[in-house]
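Scroll down for the structure; my scribbles are underneath it.
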Amino acid sequence: MRLGPEALSAVELVALLLGQGRAGADVLTTAEAVLAHAGAAGGVDALPVLARMRPAELMAVPGVGPARAAALAAAFELGRRAGEGAGERPRVAGPEEAVAAVAPLVRGLRHEEFWVLCLDARHGLLARRRVGMGGPSSTPADPRAVFAAAVREGASGVVVVHNHPSGDPAPSAADRSLTHALRLAGEAVGVALYDHVVVGEGAYFSFRAAGELSGG
């Protein structure tokens with residue numbers, strides 16, 4: 001309380017969110033185990049990996065149950081949303097900006113994630129929301145979830161982005177079918193689908209840049 005949260009280590013901050021330890025391990029030991037689990041999943045820098053872990057993944061750590069996993073996930077989500085609201089809105093004028101907004105969140109993942117970038121009329125970023133998670137080669141993306149997020153944020157249009165853990169951003173037949181469904185759903189609710197971007201390893205595919213998505 002005297003020095004503020006900035007004076008605490010990452011382990012101590014995680015420990016505060018966890019609240020208490022478990023039988024045979026105090027809260028700092030449990031917090032160290034959480035960070036070690038994230039580090040093992042994503043390399044040396046554990047915090048970015050921890051920030052995008054699903055509650056089910058966090059619950060693999062002994063002593064982290066549903067409530068603690070939810071508290072950790074909620075804390076990182078609040079941080080993301082606060083960052084989005086700070087200062088001037090970044091513009092997402094093309095696929096490069098869309099990749100920059102999402103690639104750090106999906107880099108190194110072994111499963112696919114589907115994100116929607118909600119944009120204002122000037123292509124300013126209103127919000128960035130994950131609306132689907134799947135396996136190594138597919139993502140259950142629901143157009144209703146995409147445009148529900150867009151309507152909540154008052155978006156004029158959206159760019160949707162998902163990753164291919166294989167590293168190859170070439171779209172599949174399912175990706176093309178989904179893009180068509182999203183375009184039609186956007187027309188129905190009055191929210192434009194500006195682009196669908198597939199992120200690979202150091203490369204991306206833009207449906208708009210490829211001429212497979214027009215209008216908007």
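Val131 - would you say it is in contact with a helix residue (DSSP H, G or I) (Cβ under 6 Å, 6 or more places away or on another chain) and within 22 Å of Val49 (Cβ to Cβ)? Yes: the conditions hold for Val131.
Of the residues making up segment 138-155, just one is closer than 21 Å to Val99 by Cβ and more than 17 Å from the chain's Cα centre (by Cα), namely Ala155.
Pairs meeting the criteria (first residue in segment 64-80 and closer than 13 Å to Leu105 by Cβ and in the same structural domain as Arg129 (by TED's automatic domain parsing), second residue surrounded by fewer than 16 Cβ atoms within 10 Å (Cβ to Cβ) and among the aromatic types (Phe, Trp, Tyr), beta carbons under 9 Å, at least 6 apart or on different chains) are lacking.
Among the residues that make up segment 176-185, is at least one of them touching a residue at least 12 places away in the same chain (Cβ under 8 Å), of a type in the set (S, T, N, Q) and outside any loop (DSSP other than H, G, I, E, B)? Checked segment 176-185: at least one residue is touching a residue at least 12 places away in the same chain (Cβ under 8 Å), of a type in the set (S, T, N, Q) and outside any loop (DSSP other than H, G, I, E, B).
For segment 129-151, state whether one or more residues are touching a residue at least 40 places away in the same chain (Cβ under 8 Å), within 16 Å of Arg208 (Cα to Cα) and not assigned by TED's automatic domain parsing to the domain that holds Ala38. Checked segment 129-151: no residue is touching a residue at least 40 places away in the same chain (Cβ under 8 Å), within 16 Å of Arg208 (Cα to Cα) and not assigned by TED's automatic domain parsing to the domain that holds Ala38.
The conditions are (1) loosely packed, with under 13 Cβ neighbours inside 10 Å; (2) outside any helix (DSSP H, G or I), and Met53 fails exactly one of them. Which is it? Of (1) loosely packed, with under 13 Cβ neighbours inside 10 Å; (2) outside any helix (DSSP H, G or I), only one is false for Met53: (1).
Take the conditions (1) farther than 30 Å from Ala127 by Cα; (2) modelled with pLDDT of 85 or more; Gly65 misses just one of them, which is (1).
The values are calculated or read from the model by the stated rules, or taken from the named source; none is laboratory data. What you see is a predicted model, and the numbers here were worked out from it, not measured in a lab. Reconstructed Cβ throughout: ideal geometry from the backbone, glycine too, with neighbour counts over all protein chains shown.
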